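The values are calculated or read from the model by the stated rules, or taken from the named source; none is laboratory data. Please read all numbers here as calculations on a predicted model, not as lab measurements. As a convention, Cβ positions derive from the backbone with ideal geometry for all residues, glycine included, and neighbour counts pool all protein chains shown. For accessibility, only protein heavy atoms count, side chains too; no ligands or nucleic acids. Shrake-Rupley method; radii C 1.70, N 1.55, O 1.52, S 1.80 Å.
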Amino acid sequence: MQKKWLLHSLLAGIMTIPLMGFSSPTNTPGETKIEFNQLTLESGGTSVPYKSMEAPPPILHHPEDGIISGAAGCLPDVHVFNKKIKDEHIVFTAGITQLDTREKALALNDKLTISVEISSGGNKILELPFEYHMDPEGKDIDPNTNKPFWVSTLYFNVEGAHPGANVLNLPTGEYEYQFKVKNNEKGHVLDVWVPDNNKFTLVDEEVKK
């Protein structure tokens with residue numbers, strides 16, 4: 001799979017940190033003893049090592065709602081996105097409680113599919129699959145939680161989206177989202193996670209300069 005790197009600005013562009021890249025692992029460890037019916041979805045990481053900063057700003061924290069802003073920087077739990085920002089996008093991030101090491105995660109990575117389901121007014125719009133997180137340096141563990149995680153990204157405009165990105169020109173309004181993990185072999189849904197705040201709003205407003 002072709003690697004795709006995303007760079008996100010942090011602290012008004014003063015520092016640029018690679019939030020994520022996508023890659024399919026080539027070396028899969030042996031079977032794990034984790035059973036499929038034991039899997040529990042949770043919010044994933046960010047790969048931004050804010051704990052190593054001398055004074056990390058309060059905006060940096062482990063995401064609770066499974067989403068991170070795109071064009072605005074690596075900010076967890078941002079729920080408003082603007083179509084007028086050319087590279088505006090939303091990053092969905094998820095983890096699995098029981099898969100707390102890279103060995104456990106890689107052992108089951110090909111056997112399960114994590115996805116985010118987006119709906120509006122109770123009607124399903126799309127379901128985006130996640131990919132196992134791996135950054136440009138080949139690191140696949142979040143430095144803040146020391147756990148592996150999965151990501152999926154949705155751009156709201158073609159302009160600014162990298163080649164091969166998921167792009168959907170959604171109308172303005174409010175959307176709901178929830179996360180699912182499925183058994184690839186049987187197609188069974190193993191767990192569904194709906195965050196406490198499971199809505200995001202898409203606006204179309206001129207950006208103040």
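If each of Gln98 and Glu137 carries a label point 7 Å out from its Cα toward its Cβ, how far apart are those two points in nm?
That separation, rounded to one decimal, is 3.2 nm.
Under 19 Å between alpha carbons, and skipping anything fewer than 8 positions from Lys111 in its own chain: which aspartates and glutamates qualify?
In chain and number order, the partners are Glu31, Glu35, Glu42, Asp100, Glu103, Glu127, Glu131, Asp140, Glu185, Asp191.
With a sphere of radius 10 Å drawn around the Cβ of Tyr155, what net charge do the other residues whose Cβ falls strictly inside it have (Lys, Arg +1; Asp, Glu -1)?
Computed value for this residue: -2.
Search the structure for amide H atoms under 5 Å from the amide H of Ile125, placed 1.01 Å from N in the peptide plane, and list their residues when 5 or more places away or on another chain.
For Ile125, the qualifying residues are Ile118, Ser119, Ser120.
What is the Cα coordinate range of segment 79-209 on the first, second and third principal axes, sorted by size from largest, in whole angstrom?
For segment 79-209, the Cα extents along the three principal axes come out at 46, 37, 27 Å.
Net charge within 11 Å of Ile85 by Cβ-Cβ distance, Lys/Arg positive one each and Asp/Glu negative one each, not counting Ile85 itself?
Taking every Cβ under 11 Å from that of Ile85, the sum is -3.
When only DSSP loop residues count, what GluC sites (Glu not before Pro) in segment 82-142 have their Cβ near at most 10 other Cβ atoms within 10 Å?
Loop-located and lightly packed - Glu137.
Kindly report the accessible area of segment 111-207 per residue (heavy atoms of protein chains, probe 1.4 Å, no ligands, DNA or RNA), in Å².
Here the residues of segment 111-207 average 49 Å² of exposed surface.
Please tell me which of these pairs span more than 26 angstrom C-alpha to C-alpha: Lys84/Lys139; Lys104/Lys182; Lys104/Lys139; Lys51/Lys86; Lys51/Lys84; Lys104/Lys124?
Lys84/Lys139; Lys51/Lys86; Lys51/Lys84; Lys104/Lys124
As a test of reading the structure, rank Val91, Val158 by solvent-accessible area (1.4 Å probe, protein chains only), most first.
The most accessible residue leads, giving Val158, Val91.
For segment 29-134, which whole percent of the accessible surface, found with a 1.4 angstrom probe, sits on carbon and sulfur atoms?
Answer for segment 29-134 is 51 percent, counting heavy atoms of protein chains only.
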